[in-house]
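We did not get these values from a lab; they are worked out from the coordinates using the rules stated. These numbers come from a predicted model, not from an experiment. We place every Cβ from the backbone using ideal geometry, glycine too, and count neighbours over all the protein chains shown.
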């Protein structure tokens, strides 16, 4: 199911509420194809003014959805490991891992982060939860 990237979703952890949304961006070429696809997960604390943007750009070893057959919001590696960025559990795991890296969406500034640096740890966490 495709979700609107403009609609903010809520995620509550302990006593803090976060708002998050997912967007897909790319550059359209004259022939109708696209390049430089990127999924961007934006998270901010309800109380804060800044936030966190986690980018998953397309690359030689990374898969980003650009239509069939890959579902919206699913990023992955060529070896078949995927994360669904529409799932609150995945967003929570990414947020936890970003915080472990010293980033805080409650700060007054917006932090930018390459999501592929978090991918392995988050995929491992999600895999353990699903067992």
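Once the Cβ-Cβ distance between residue 31 and residue 72 is put in as r, and R0 is 22 Å, what FRET efficiency do you end up with, to the nearest 0.05?
The calculated FRET efficiency here is 0.45.
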Taking the alpha-carbon centre of each part, the distance from the range 60-112 to the range 37-55 in Å is 11
Scaled by the rule-of-thumb 2.2 N^0.38 Å, the alpha carbon Rg for the range 9-130 gives a ratio of 1.07
Here FRET efficiency (C-beta to C-beta, residue 23 to residue 109, R₀ 25 Å, nearest 0.05) is 0.80
